[in-house]
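Only the coordinates and a few stated rules stand behind these numbers; no lab work does. These numbers come from a predicted model, not from an experiment. Heads up, the Cβs are rebuilt from the backbone with ideal geometry, glycines too, and the neighbour counts pull from every protein chain shown.
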Amino acid sequence: MKVEVFKTKEEANAAAAKVFIDAVNANPNIILGLATGGTPEGLYAVLADANKAGKVSFKTVRSWNLDEYVGLPKEHPETYRNFMNRKLFDNIDIDKANTHVLNGLATDKEGECAAYEASLKAAGGVDIQLLGIGSDGHIAFNEPGSPFDSRTREVFLEQQTIDDNARFFDGDKSKVPTSALSMGIATILDAKKIVLLAYGANKAQAVRDAVKGTPDVKCPASALQSHPDVTFYCDEAAASLLG
Ligand code: GLP
């Protein structure tokens, strides 16, 4: 597990974006694992700028997103599908038919999750997975207690995650969905390479537990220690407890 610390998140975004741009240029048919939340927004803006400047093309790239809220109406701006369209897919030359996000309105949730796993496997698996980290150490929506061998399934959000994400729902905790469909920890660990972004002091404890703690389900991100190719891109605040 490597940790790179940058003075600002802008510098970290530029370095992480370079990893993605170089990888896409080396393999235009690459499979990307993508993440939502506030953290990746800056990186997505860098990718869109690079695409517009002709430095990279996503025409033949395929993507699978980590997770999706359960039950939000299709047109709700905070579905992760709509977030991804707005923050990335509408701003680059990717073919939206090649972008995959779990359907949080599926009536057969188990079937939806199994089909998602199967489609990813059939495509050959994720080449580079982008991750954020929750302030409680969650990755995707794998909350503390999630088994390290978990696969895509319905998961229930911890109160801390609901509180953290209320900022996307007019600050109203009651509007935040209580469950989501999420890739499991084992699904994430199947990726060939993992890039995790962590910015801000409220991520410092989770980053410390993930990097320095004994791997334990109490900090889902600590499962990443067993993966051969993981790099954390942190700003100084998020790295402040690493010592
Ligand atoms: C969200 C997402 C995660 C994300 C994390 C941190 O709820 N499901 O994929 O990494 O929580 O979010 P943020 O980047 O907004 O701090």
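Does Ser240 fit the bill of being touching a helix residue (DSSP H, G or I) at 6+ places or on another chain (Cβ under 6 Å), within 25 Å of Val5 (Cβ to Cβ) and in a loop (DSSP other than H, G, I, E, B)?
Answer is yes for this residue.
Among the numbered criteria (1) within 24 Å of Asn103 (Cα to Cα); (2) more than 16 Å from the ligand (Cβ to nearest atom); (3) not small (Gly, Ala, Ser), which one does Lys193 miss?
Here Lys193 meets the rest and fails (1).
Residues in the range 7-23: is at least one of a type in the set (Asp, Glu), over 13 Å from Leu130 (Cβ atoms) and within 16 Å of the ligand (Cβ to nearest atom)? Reasoning before the result, please.
Quick first cut of the range 7-23, residues of a type in the set (Asp, Glu) only: 10-11, 22.
Filter once more, keeping what is over 13 Å from Leu130 (Cβ atoms): 10-11, 22.
In the following step, the residues that additionally are within 16 Å of the ligand (Cβ to nearest atom) were identified as 10.
Yes, because at least one residue in the range 7-23 is of a type in the set (Asp, Glu), over 13 Å from Leu130 (Cβ atoms) and within 16 Å of the ligand (Cβ to nearest atom).
Could you check the range 51-66 and list, in sequence order, the residues that are more than 13 Å from Ile94 (Cα to Cα) and either among the charged types (D, E, K, R) or in contact (Cβ under 8 Å) with a residue 40 or more places away in the chain (or both)?
Lys55, Leu66
For a quick check of your reading of the model, give me the residue pairs whose first member lies in the range 177-189 and is closer than 14 Å to Leu102 by Cβ, whose second is part of a strand (DSSP E or B) and more than 13 Å from the ligand (Cβ to nearest atom), with beta-carbon atoms closer than 6 Å and at least 6 apart or on different chains.
Short answer, once both residue conditions are applied: Ser179/Glu154; Leu181/Glu154.
Only residues in the range 96-113 that are more than 17 Å from Tyr69 (Cβ to Cβ) count as the first member; pair them with residues that are of a type in the set (Lys, Arg), Cβ under 7 angstrom, at least 6 apart or cross-chain, and list the lot.
What qualifies is Asn98/Arg62.
I'd like to know if the range 29-38 contains one or more residues that are away from the ligand (no atom under 12 Å from the Cβ), polar (S, T, N, Q) and buried (at least 16 other Cβ atoms within 10 Å of the Cβ).
Within the range 29-38, not a single residue is away from the ligand (no atom under 12 Å from the Cβ), polar (S, T, N, Q) and buried (at least 16 other Cβ atoms within 10 Å of the Cβ).
Take the residues in the range 145-167 that are near the ligand (Cβ under 7 Å from one of its atoms) and under 18 Å from Gly104 (Cβ atoms); name whichever of them is surrounded by the most Cβ atoms within 10 Å (Cβ to Cβ). Before the answer, list the steps.
Pass one, the range 145-167, residues near the ligand (Cβ under 7 Å from one of its atoms): 161, 164-165.
The next check asks that each one be under 18 Å from Gly104 (Cβ atoms); those that pass are 161, 165.
On the way: Thr161: 21, Asn165: 19.
In this case the residue turns out to be Thr161.
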